[in-house]
Amino acid sequence: MSDVYAILKERGFVSQVTDEAALPGLLAAGPVTCYVGFDPTAASLHAGSLLPLMALAHMERAGHRPIAILGGGTAMVGDPSGKTEMRKMLSQDDISANGEGLRQQIRKFIGADGLVLDNSDWLLELSYVSFLREIGRHFSVNRMLTAESYKIRLEKGLSFLEFNYQLLQAYDYLVLFQKYGCHLQMGGDDQWGNIVAGMDLIRRVEAKPAYGLTFPLLETASGEKMGKTARGAVWLDAELTSAYEFYQYFRNTDDRDVARFLAFFTFLPMDEVRALGAEKDAALNRSKERLAYEATAVVHGKEAAEKAQQAARSAFCGSADGDAGIPTTELDSKRFAAGIGVVDLFAEVGLCKSKSEVRRLIKQGGARIADRRITTIEEKITPADLCDGCVLLRVGKKKVHRVVLR
RNA sequence: GGAGAGGUUCCCGAGUGGCCAAAGGGAUCAGACUGUAAAUCUGACGGCGAAGCCUUCGGAGGUUCGAAUCCUCCCCUCUCCA
């Protein structure tokens, strides 16, 4: 059994631990059941969730038993930790549909030994008064109110509904402790309060120790939340964020983040991670290619990663083949016969949100067809612009879209 | 329930009858420079367009030649009191 605590620590996964003296020993002594919760508040997980997923994968590789909890029950309430305002309430149907999507994604990270459970199985049937008597009595409102994660909300408003969230999550941990022998809960730093609450509950009810570990809140070097772009989140679902876009997100990693991200989002041995991350200039740029490839392979599989890499190379280095992974739109060939206005075309394939945006873009010299800059908004694309029945539209240096005749 | 303060374009935030598609900052996008990085500089940044037109300042009405700005009602948030 490899020393998973050392691995997690070395790779940067460990932010806070409830009992730093005891936890490594526990993990070294034998298989430990551990869990992480995932909120089914969207149809897919995004890049920010990769950290806990990778942590679960590392645990399993080291011989422990990972459990992923879908928060089907807790999502009915909504976690206020670290949030500025209350989230829109989701319908039960949406929540369970989302949960099914997440289950697929989580399964890519944990294997047969791991479990994916849904806390709605035990939360939805709770009866109010008995829950208050059995669980609620262990919680001190005074203490909850002083928690850091509620601080903002105490200024901006916190509904009673959300205030209960912590009890439910703590109860989750208790249930898992009792039914599955789960001794470790992990989660993002924003979960610290909830995790500690669960530990305390277990100690009070069972008089036994349990542990907690949090991951650092992931930010890019420029201070952006990991996995968020101007255009929205970087999703793990290929329908929402194509493997190509996913690859590009990591390909464009800030220099300062390369080493960290290699440690977090790939399974490459740390020696290699350190070597790749220590490169300079052009070589560091190549490390980013490796990072993008490896991370894409973890989420979408080797084949998709290969394809995305080919597509990126062909889009950026001009090599002819490998277009297949580039976002593509099919258009009726009849429409080309008379020529399509560039303004309409760029807007239609989604490279720009509106025609005004296309006009601005062209005015500023940011629109190209293959490698030719478009200089006037009057320009039309005709069959003469096609090569092999397709045409590459470019916006700026990085966005590429392929149009194919049908 | 009572008193007060607020809700402005992606975010923060100015604007209290025409000069407002709305200051300023951030974010974003494009150009230059580069390494598909960062930093910097330049420009753009509601929509449709040739001019010009259309839609926007919590919602619905109203006053006015003219409203983000005034009036009425409603919804929401915060603070204090109960």
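The values are calculated or read from the model by the stated rules, or taken from the named source; none is laboratory data. Remember, it's a predicted structure, so these values are computed and weren't measured experimentally. All Cβ positions, glycine included, derive from the backbone under ideal geometry; neighbour counts span all protein chains shown. For accessibility, only protein heavy atoms count, side chains too; no ligands or nucleic acids. Shrake-Rupley method; radii C 1.70, N 1.55, O 1.52, S 1.80 Å.
List pairs: first in segment A:248-263 and on the phi > 0 side of the Ramachandran plot, second within 12 Å of RNA strand B (Cβ to nearest atom), Cβ under 9 Å, 6+ apart or cross-chain?
none
From the list A:Ala42, A:Ala29, which residue is under 18 Å from the mean Cα position of the chain (by Cα) and surrounded by fewer than 19 Cβ atoms within 10 Å (Cβ to Cβ)?
Criteria check complete, one pass: A:Ala42.
Identify, from the list A:Val400, A:Val343, A:Val395, the residue that is open to solvent by less than 20 Å² (accessible area, probe 1.4 Å), under 23 Å from A:Phe246 (Cα atoms) and within 7 Å of RNA strand B (Cβ to nearest atom).
One residue alone meets the criteria, A:Val395.
Could you tell me whether segment A:123-130 includes any residue that is at positive phi and either in the same structural domain as A:Cys34 (by TED's automatic domain parsing) or of a type in the set (Val, Ile, Thr) (or both)?
Taking every residue of segment A:123-130 in turn, none turns out to be at positive phi and either in the same structural domain as A:Cys34 (by TED's automatic domain parsing) or of a type in the set (Val, Ile, Thr) (or both).
I'd like to know if segment A:175-186 contains one or more residues that are aromatic (Phe, Trp, Tyr), away from RNA strand B (no atom under 12 Å from the Cβ), open to solvent by less than 20 Å² (accessible area, probe 1.4 Å) and under 15 Å from the mean Cα position of the chain (by Cα).
The answer is no; no qualifying residue exists.
State all residues of segment A:342-368 that are closer than 16 Å to A:His401 by Cβ and more than 33 Å from the chain's Cα centre (by Cα); if no residue qualifies, say none.
Selection gives A:Val342, A:Val343, A:Asp344, A:Ile362.
What number of residues within segment A:188-219 are surrounded by fewer than 18 Cβ atoms within 10 Å (Cβ to Cβ) and either out of contact with any His (no Cβ under 9 Å at 6 or more places or on another chain) or at positive phi (or both)?
Selection size over segment A:188-219: 8.
Can you list the helices (runs of 4 or more DSSP H) lying wholly within segment A:95-189 that have 3 or more residues being of a type in the set (A, V, I, L, M, F, W, C)?
The qualifying helices (runs of 4 or more DSSP H) are A:128-134, A:141-146, A:160-163, A:165-180.
Pick from segment A:252-281 the residues that are within 22 Å of the chain's Cα centre (by Cα) and among the charged types (D, E, K, R): which of them is least open to solvent (accessible area, probe 1.4 Å)?
Of everything passing the filter in segment A:252-281, A:Asp257 is least open to solvent (accessible area, probe 1.4 Å).
Does segment A:346-382 hold any residues that are closer than 12 Å to A:Val395 by Cβ, more than 11 Å from RNA strand B (Cβ to nearest atom) and small (Gly, Ala, Ser), and which are they?
Answer for segment A:346-382, where residues must be closer than 12 Å to A:Val395 by Cβ, more than 11 Å from RNA strand B (Cβ to nearest atom) and small (Gly, Ala, Ser): just A:Gly350.
In segment A:287-357, which helices (runs of 4 or more DSSP H) lie fully inside it and hold 1 or more residues that are at pLDDT 85 or above and among the aliphatic types (A, V, I, L, M)?
A:302-317, A:342-348
I'd like to check something: does segment A:223-244 contain any residue that is of a type in the set (Phe, Trp, Tyr), closer than 24 Å to A:Ala305 by Cβ and surrounded by fewer than 19 Cβ atoms within 10 Å (Cβ to Cβ)?
Within segment A:223-244, none of the residues are of a type in the set (Phe, Trp, Tyr), closer than 24 Å to A:Ala305 by Cβ and surrounded by fewer than 19 Cβ atoms within 10 Å (Cβ to Cβ).
Kindly indicate whether any position in segment A:191-201 is β-branched (Val, Ile, Thr), within 25 Å of the chain's Cα centre (by Cα), in a helix (DSSP H, G or I) and within 16 Å of RNA strand B (Cβ to nearest atom).
The answer is no, given that none of the residues of segment A:191-201 is β-branched (Val, Ile, Thr), within 25 Å of the chain's Cα centre (by Cα), in a helix (DSSP H, G or I) and within 16 Å of RNA strand B (Cβ to nearest atom).
Could you tell me whether segment A:258-277 includes any residue that is part of a loop (DSSP other than H, G, I, E, B) and either polar (S, T, N, Q) or more than 23 Å from A:Gly301 (Cα to Cα) (or both)?
Checked segment A:258-277: at least one residue is part of a loop (DSSP other than H, G, I, E, B) and either polar (S, T, N, Q) or more than 23 Å from A:Gly301 (Cα to Cα) (or both).
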